[in-house]
1. Counting only C-alpha contacts under 8 Å and six or more residues apart, can you give the relative contact order of chain A as a whole percent?
2. Taking Cα pairs under 8 Å and at least six residues apart, what relative contact order does segment B:1-103 come out at, in percent?
3. Let me check I have the definition right: for segment A:11-54, take the eigenvalues of the Cα gyration tensor, multiply each by 5, take square roots. What are those semi-axes in whole Å, largest first?
4. Please work out the Cα center distance from segment B:55-89 to segment A:36-107, rounded to the nearest Å.
5. So for chain A, what are the equivalent ellipsoid semi-axes in whole Å, largest first, each being the square root of 5 times an eigenvalue of the Cα gyration tensor?
6. By what distance, in whole Å, do the Cα atoms of the protein assembly as shown stretch along each of the three principal axes, largest value first?
7. Take peptide A:33-45, look around each residue's Cβ out to 10 angstrom, count Cβ atoms belonging to other protein chains, and average those counts.
8. With the convex hull built on the Cα atoms of chain B, state its orientation-averaged projected area in nm².
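Each reported figure results from applying straightforward, stated rules to the coordinates on display, with no laboratory input. What you see is a predicted model; the values in this text were computed from it and never measured. Reconstructed Cβ throughout: ideal geometry from the backbone, glycine too, with neighbour counts over all protein chains shown.
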Amino acid sequence: SQQGEEDPQALSIQEGENATMNCSYKTSINNLQWYRQNSGRGLVHLILIRSNEREKHSGRLRVTLDTSKKSSSLLITASRAADTASYFCATDATGNDMRFGAGTRLTVKP
Amino acid sequence: KAGVTQTPRYLIKTRGQQVTLSCSPISGHRSVSWYQQTPGQGLQFLFEYFSETQRNKGNFPGRFSGRQFSNSRSEMNVSTLELGDSALYLCASSLSTVSYEQYFGPGTRLTVT
């Protein structure tokens, strides 16, 4: 069963704009990770944020985590056409498996 | 370093048959996890292996099984295939556990007819 839910399900923006995706989950977690998937290929790891962290940056990516609200957000700044992909959040808790959300389909128009 | 490799990339099988998928993790990675991805159910965890031991198992029937070898390579087997088993099967490796970043292979696209 899925743990996380991404919001929105789909997002369409113009190149240069920022894209924000949200993820909510149900149980306490150790870590939350964001992955990207291009057209039914394997997933690419983007960023991992631990439960005791609130914000993390990696290049044009910014991830926040609010454990009190059981939610996370992924911000992609200055988006490019190459950012077009599906984005998934994944969570794991002690003794549990990795659970992925349903994903947000991002389309960046040139 | 070479990435995670999965073989075969595409597979077509008939209902009732069985199938074995293979995954070679990144050198030095000891944890291998398997996932099933379908349009309807999304990404679902199948199992995780670490040092040849199954550490976690998802909510799948016993027809789905796996193993890991001493060189960390892993195989998963699906017996008595059903139409609903058609999916993209993804393998991921990590240094230790799913709590570390996982590196995914390109997947095996299984079609059951």
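1. Working: 283 pairs, mean separation 43.5, N = 110.
It rounds to 40 percent for chain A.
2. On the way: 223 pairs, mean separation 34.9, N = 103.
34 percent.
3. Details: eigenvalues 108, 46, 22 Å².
Three semi-axes, in Å: 23, 15, 11.
4. Rounded to whole Å, the Cα centres lie 26 Å apart.
5. Semi-axes, largest first: 23, 15, 11 Å.
6. So the extents along the principal axes, rounded to whole Å, are 48, 36, 34.
7. Numbers: counts 5, 0, 5, 0, 6, 0, 0, 6, 6, 13, 10, 2, 7.
For peptide A:33-45, the averaged partner shielding equals 5.
8. Working: hull surface 25.6 nm².
That works out to 6.4 nm², a quarter of the Cα hull's surface.
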